[in-house]
1. When the residues of segment 105-145 are narrowed to those that are free of Cβ contacts under 8 Å to residues at least 60 places away in the same chain and part of a loop (DSSP other than H, G, I, E, B), which ends up farthest from Ser189 (Cα to Cα)?
2. Would you say Gln185 is on the phi > 0 side of the Ramachandran plot, under 29 Å from the mean Cα position of the chain (by Cα) and modelled with pLDDT of 95 or more?
3. Would it be correct to say that Arg98 is open to solvent by 10 Å² or more (accessible area, probe 1.4 Å), modelled with pLDDT of 95 or more, closer than 27 Å to Ala194 by Cα and assigned to a helix (DSSP H, G or I)?
4. I'd like to check something: does segment 150-170 contain any residue that is closer than 30 Å to Glu71 by Cα, assigned to a helix (DSSP H, G or I) and touching a residue at least 12 places away in the same chain (Cβ under 8 Å)?
5. Which count do you get for residues in segment 137-157 that are closer than 25 Å to Tyr178 by Cβ and either among the aromatic types (Phe, Trp, Tyr) or buried (at least 16 other Cβ atoms within 10 Å of the Cβ) (or both)?
6. Looking for whichever is crowded, with 22+ Cβ neighbours inside 10 Å and modelled with pLDDT of 95 or more here; the options are Gly115, Gly82. Which one fits?
Amino acid sequence: MKVRNILCAAVLVSFVTLTACSAKEEVTVSNTTTSSLEGTSEASSTDTSSNTEQNQNISREFRNALAKAEEYLDYSAFSKEGLYEQLLYEQFPEDAARYAVDTLQVDWDEQALKGAEEYIEYSAFSKEGLYDQLLYEKYSEDSARYAVNTIQADWNEQALKKAKEYLEYSSFSNQGLYDQLLYEQFTESEAQYAIDHLE
């Protein structure tokens, strides 16, 4: 009888210990999830120096993915999904790449605007052509629309610049060039402005 009581007590202690461990794991997961959500909802900023301190319990692979994402944003604009794919290209695991882009404190609308500005620095775009390019780079529709509506661009001058780009490598009739500009999604008035202002 005494042995049986001891065994029962041992089983009870084991059960309590397992239950406590299980509860502890649930709390840890819950805390990690809460921290991640809090990190993504804070004010927009690409300065994520505090991320390392907040995530000391995260694996080295995850920390390195986050650091690499920050490096990329230091010199170029990325959409969230574009940055995720870049991290995959760098051979980070999918979960580490997803952790990085979800943890970054970034205004993706502003990233889209920055990307749009980078594009028109080296080539001409119509407003809708630029919008489509941003979608191709995997910015959301809302972010892409924000960018083209906010960017300081003279679309008439963009049409003229595009017309000159075409004429640098091929000959066009006025009508052919006009039609090409429409194909590039310039408006009729923008295309006509370009034709009228060619030297």
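The values are calculated or read from the model by the stated rules, or taken from the named source; none is laboratory data. Model, not experiment: these values are computed from the prediction. Cβ: placed from backbone, ideal geometry, glycine included. Neighbour counts: every protein chain shown. The area values use the complete protein model at the heavy-atom level, side chains included, leaving out ligands, DNA and RNA. Shrake-Rupley method; radii C 1.70, N 1.55, O 1.52, S 1.80 Å.
1. Per the criteria, the residue is Lys138.
2. When the stated conditions are applied, Gln185 passes them.
3. Here the answer is no, as Arg98 does not meet what is asked.
4. Yes, because at least one residue in segment 150-170 is closer than 30 Å to Glu71 by Cα, assigned to a helix (DSSP H, G or I) and touching a residue at least 12 places away in the same chain (Cβ under 8 Å).
5. So the answer is 5.
6. Only one candidate passes the filter, namely Gly115.
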